[in-house]
Amino acid sequence: MRDYYIRATAANGQIRAFAANTTQMVDKAAKIHSTSPVASAALGRTLTAASFMGLMTGNNDDLITISIKGDGPIGGVLATSDGLGRVKGYVHNPQGNTPNKPNGKLDVSAAIGFGHITVTKDLGLKEPYAGTLELISGEIAEDIAGYCFQSEQTPTVLSLGVTIDKDYSIKQSGGFLIQLMPGYDDAIVDQLEAIMTGFPSLTQLLDLGETPETILDLLLAEFGYNITEKNEISYYCDCARHRVKSAVMSIGTKDLSKIIEEDGQAEVTCHFCAKQYIFEKDELEEMLNSSR
């Protein structure tokens with residue numbers, strides 16, 4: 001089954017929720033970037049969260065970027081999503097690693113370390129909006145939920161999970177997000193807190209074979225909920241030769257001339273999908289003449 005998300009409303013519109021299976025997108029990302037197990041977990045959590053935030057924009061062309069930077073072994077993670085929930089991303093140091101926690105779980109917090117999270121929203125306005133906060137835990141879900149509350153005044157419950165198989169492929173990945181809408185009844189907060197107390201971790205739910213539908217049912221059944229949307233999501237890179245060419249031309253005539261003289265060609269690798277673009281000398285010379 002392909003990755004997909006479901007969107008739902010509950011409590012007469014006072015709650016909006018998302019749940020998703022993101023196993024294939026995260027496995028694709030891990031293979032592209034040859035990530036260590038803990039880097040795969042960090043990247044997978046961030047990709048899933050970015051997908052949710054992209055879906056919340058309401059416009060297919062909007063872009064959301066989550067950038068997490070820390071002083072830990074993996075350095076940080078970047079993920080971006082469009083309004084369809086399609087994502088791409090990378091880890092600054094994909095082979096960075098840390099010992100597992102005493103309980104055997106991957107230590108994502110230690111891998112990221114101390115740092116900050118920046119969420120950038122490009123909603124088609126003159127300037128993108130960016131908000132930056134210090135990391136709360138480095139576990140990613142808590143940090144993004146904290147951003148939603150502090151920067152957008154939206155109470156948010158976010159759970160993200162990635163499990164790694166013995167061959168380092170992604171066994172399961174997914175998440176759920178619950179947000180309270182403006183004007184919510186305070187009693188709903190008490191109900192949600194009661195539900196979340198002792199609620200299984202996302203990785204436990206995935207290992208039990210729970211689906212986005214069954215997870216939302218566990219969370220929202222007592223509120224009365226409606227699933228309003230269900231669609232596929234995927235890892236998607238929109239890089240193209242003409243865009244890369246424009247980026248090469250933007251380095252300036254001096255550096256372009258130097259590349260022609262010293263290397264005779266330019267090789268550019270996309271950060272997100274690892275696709276290589278090669279520009280031979282004659283094309284570089286055309287680009288140089290055009291820049292002049």
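The values are calculated or read from the model by the stated rules, or taken from the named source; none is laboratory data. Bear in mind that the values here come from a model prediction, so they are computed numbers and not experimental data. Please note: Cβ atoms are built from the backbone with ideal geometry, for glycine as well, and neighbour counts cover all protein chains shown.
Return a yes/no flag: does segment 220-231 have any residue that is more than 28 Å from V38 (Cα to Cα) and buried (at least 20 other Cβ atoms within 10 Å of the Cβ).
Yes - at least one qualifying residue is present in segment 220-231.
Note down all Cβ pairs under 8 Å where the first residue falls in segment 124-135 and is free of Cβ contacts under 8 Å to residues at least 60 places away in the same chain and assigned by TED's automatic domain parsing to the domain that holds T57, the second is surrounded by 10 or more Cβ atoms within 10 Å (Cβ to Cβ) and of a type in the set (G, A, S), and they're at least six residues apart or on different chains.
These pairs meet every condition: G131/S151; L133/G146; L133/S151; E134/G115.
When both residues are 6+ apart or on different chains and their Cβ atoms are under 8 Å apart, which pairs have a first residue that lies in segment 244-265 and is under 16 Å from Y277 (Cα atoms) and surrounded by fewer than 14 Cβ atoms within 10 Å (Cβ to Cβ), and a second that is of a type in the set (F, W, Y) and at pLDDT 85 or above?
Partner pairs satisfying both residue conditions: Q265/F279.
Looking at segment 91-111, is at least one residue free of Cβ contacts under 8 Å to residues at least 24 places away in the same chain, touching a strand residue (DSSP E or B) at 6+ places or on another chain (Cβ under 8 Å) and either under 25 Å from F18 (Cα atoms) or not β-branched (V, I, T) (or both)?
Yes: one or more hits.
Could you grab me the full set of residues in segment 243-290 that are in a helix (DSSP H, G or I) and polar (S, T, N, Q)?
Those that are in a helix (DSSP H, G or I) and polar (S, T, N, Q): S246, T253, S257, N289, S290.
Do we have any residue at all in segment 35-44 that's of a type outside the set (F, W, Y) and without any contact (Cβ under 8 Å) to a residue 60 or more places away in the chain?
yes
Here is a list: D190, D165. Which entry is assigned by TED's automatic domain parsing to the domain that holds G104, over 21 Å from F52 (Cα atoms) and in contact with a strand residue (DSSP E or B) (Cβ under 8 Å, 6 or more places away or on another chain)?
Within the list D190, D165, the selection yields D165.
Sort out which residues of segment 244-284 are charged (D, E, K, R) and either in contact with a strand residue (DSSP E or B) (Cβ under 8 Å, 6 or more places away or on another chain) or closer than 19 Å to Y90 by Cα (or both), and write them in order of number.
The answer is K245, E267, K275, E280, K281.
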